[in-house]
Amino acid sequence: MLTGVLAGLAAGALWGVVFVAPRMVEGYNSVDLTAGRFVAYGLVAALVCAATRRALPDARQALSAIGLSLLGFTGYYLLLVLAIRDAGTEVPSLVIGTIPIWVMLLGKPGHLRWAALVPGILLTAAGLALMTLAPQAGDGGVQGEHYWRGILWACASLASWTAFALLNAAWLKRHPEVSATDWANWLGLATGAGALVLWAVAGSDLRTLATLPDAPLFLGLALATGAGSAWLATILWNMASRRLSPSLCGQLIVSETLFALAYSFAWDGRWPTLAQWAAVVLFTLGILASIKAHR
C-alpha cells in the first residue's frame, strides 16, 4: 500500500507541471501545446520499446490503448489547455481537483462503508470551497472575457479524466499479465499517433513554430512534460492503480491540485493567502483521512 501511495503522489507532482506549462510560452495555440507534449510521449515510448524489445500490444489491447489515450491524454489535455487559456491556472486546477471526489464516489470498494469515506470527502470538499472563495490574484486567477467558457472546458476535462481513471484501473486489474511499464508504453504509442493526427489537422506548421520567440522553451517543455508528466507519471499511476482501490487512487489525485497551485504561485512570484494556506491544509488532511479509511 505504501508503494502505491508514494507512486500516486509522485505522479501528482509530475502532473502538476502541465497546469503552468501553457502559461510559460507565448504564441502557441492549444493544439500545438497538446501535440507537442504527446508527440514527445509517443517518441519516448517508442524508444523504450525499441531499446528494451518490449512486447507490443495485440489488436484488442491496441484498441483499448487508443480509447483510453483519448480520454486520459490527448482529449483531456486539449480540454485543459483550452480551460487554462480562458480561465487561467488556479480555477481549472480546482475543478480538476474535484476528480478525487468523483472517483471516490464512483469507484468505492464494496466492502468499504460510506461512513468511513465521509471525513476525507468533507475535508477535500471544504478545501475546494475555501480555495474557490479565496481572493484570486496574479495571471493565474484573472477573470477574463471568456472565463466561464474556460470553466466549461475544465468541466469537460474533468469528465474525461474521471472516466479514464476508472476504466484504466479496471483494465489493469483485468490484465495482471501486462506490466505497468508496458501499458504506459502502449498508451504512449497510441497517444503519440493521435497527437500527430491532431497536429496535422489543426496545429501550426513547422515554419511558424520555428519563428516564434519561445521555440527553444516550447521544445524543452514538450520534452519535459512528454517524458516526465506523461510517460513516467503514467508508469507511476499504473503502479498506484494496480496496488490501490480506485477510491483511494482518486483521493491521491488531490496531490496534483496541490502541486499545480504551488507551481502557479511560484510562477506568479507570490505567496498563497491565508485562506489558500488553510485550503492546502484541508486538502492534505483529506488525503490522510482517506488513507486511514482504506487501511
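The values are calculated or read from the model by the stated rules, or taken from the named source; none is laboratory data. All values derive from a computational prediction rather than experimental measurement. Counting neighbours? That spans all protein chains shown, and the Cβs are built from the backbone with ideal geometry, glycine included.
A few notes on this one:
- Residue within region 73-95 that is modelled with pLDDT of 95 or more, over 26 Å from residue 286 (Cα atoms) and β-branched (Val, Ile, Thr) present: no
Quick grid of which residues meet (1) out of contact with any His (no Cβ under 9 Å at 6 or more places or on another chain); (2) surrounded by 21 or more Cβ atoms within 10 Å (Cβ to Cβ); (3) aromatic (Phe, Trp, Tyr):
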site	(1), (2), (3)
238	yes, yes, no
251	no, yes, no
256	yes, yes, no
263	yes, yes, yes
269	yes, no, no
272	yes, no, no
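- The lone exception for residue 68 - which of (1) within 28 Å of residue 256 (Cα to Cα); (2) at pLDDT below 95 it fails: (2)
- Taking every residue in region 265-287 that is farther than 23 Å from residue 101 by Cβ and of a type in the set (Gly, Ala, Ser) and pairing it with any residue that is buried (at least 20 other Cβ atoms within 10 Å of the Cβ) and modelled with pLDDT of 85 or more, at least 6 positions away or on another chain, the pairs with Cβ-Cβ distances below 9 Å are 266/20.
- Residue match in region 22-32 (condition: within 18 Å of the chain's Cα centre (by Cα), more than 18 Å from residue 86 (Cα to Cα) and of a type in the set (D, E, K, R)): no
- Residues satisfying the stated conditions in region 181-208, i.e. crowded, with 17+ Cβ neighbours inside 10 Å and either modelled with pLDDT under 90 or aromatic (Phe, Trp, Tyr) (or both): 183, 186, 199, 203, 204
- Hey, residue 260 closer than 22 Å to residue 21 by Cβ, in a helix (DSSP H, G or I) and modelled with pLDDT under 90 or not: yes
- Count - residues of region 171-190 that are part of a helix (DSSP H, G or I) and free of Cβ contacts under 8 Å to residues at least 40 places away in the same chain: 1
- The residues on offer are 44, 39, and the sole one that is under 22 Å from residue 164 (Cα atoms) and over 17 Å from the mean Cα position of the chain (by Cα) is 44.
- Reported count of residues in region 34-65, each being closer than 23 Å to residue 80 by Cβ, surrounded by fewer than 22 Cβ atoms within 10 Å (Cβ to Cβ) and at pLDDT below 95, is 0.
- Any chance residue 270 is of a type in the set (D, E, K, R) and outside any helix (DSSP H, G or I): yes
- Filtered residue count, region 195-226, keeping only those that are among the aromatic types (Phe, Trp, Tyr) and either without any contact (Cβ under 8 Å) to a residue 12 or more places away in the chain or in contact with a Ser or Thr (Cβ under 9 Å, 6 or more places away or on another chain) (or both): 1
- From the list 44, 25, the one residue that fits, being touching a Phe, Trp or Tyr at 6+ places or on another chain (Cβ under 9 Å) and in a helix (DSSP H, G or I), is 44.
- Only one of the numbered conditions (1) assigned to a helix (DSSP H, G or I); (2) touching a residue at least 40 places away in the same chain (Cβ under 8 Å); (3) of a type outside the set (Lys, Arg) is not met by residue 51, and that is (2).
- Filter result (in contact with a Lys or Arg (Cβ under 9 Å, 6 or more places away or on another chain) and not aliphatic (A, V, I, L, M)) within region 86-100: 86, 88, 89
- Number of positions in region 15-24 that are surrounded by fewer than 21 Cβ atoms within 10 Å (Cβ to Cβ) and among the β-branched types (Val, Ile, Thr): 1
- Inside region 79-90, residues that are part of a helix (DSSP H, G or I) and surrounded by 24 or more Cβ atoms within 10 Å (Cβ to Cβ) make up a count of 7.
- Qualifying residue in region 103-114 (condition: assigned to a loop (DSSP other than H, G, I, E, B), touching a residue at least 24 places away in the same chain (Cβ under 8 Å) and small (Gly, Ala, Ser)): yes
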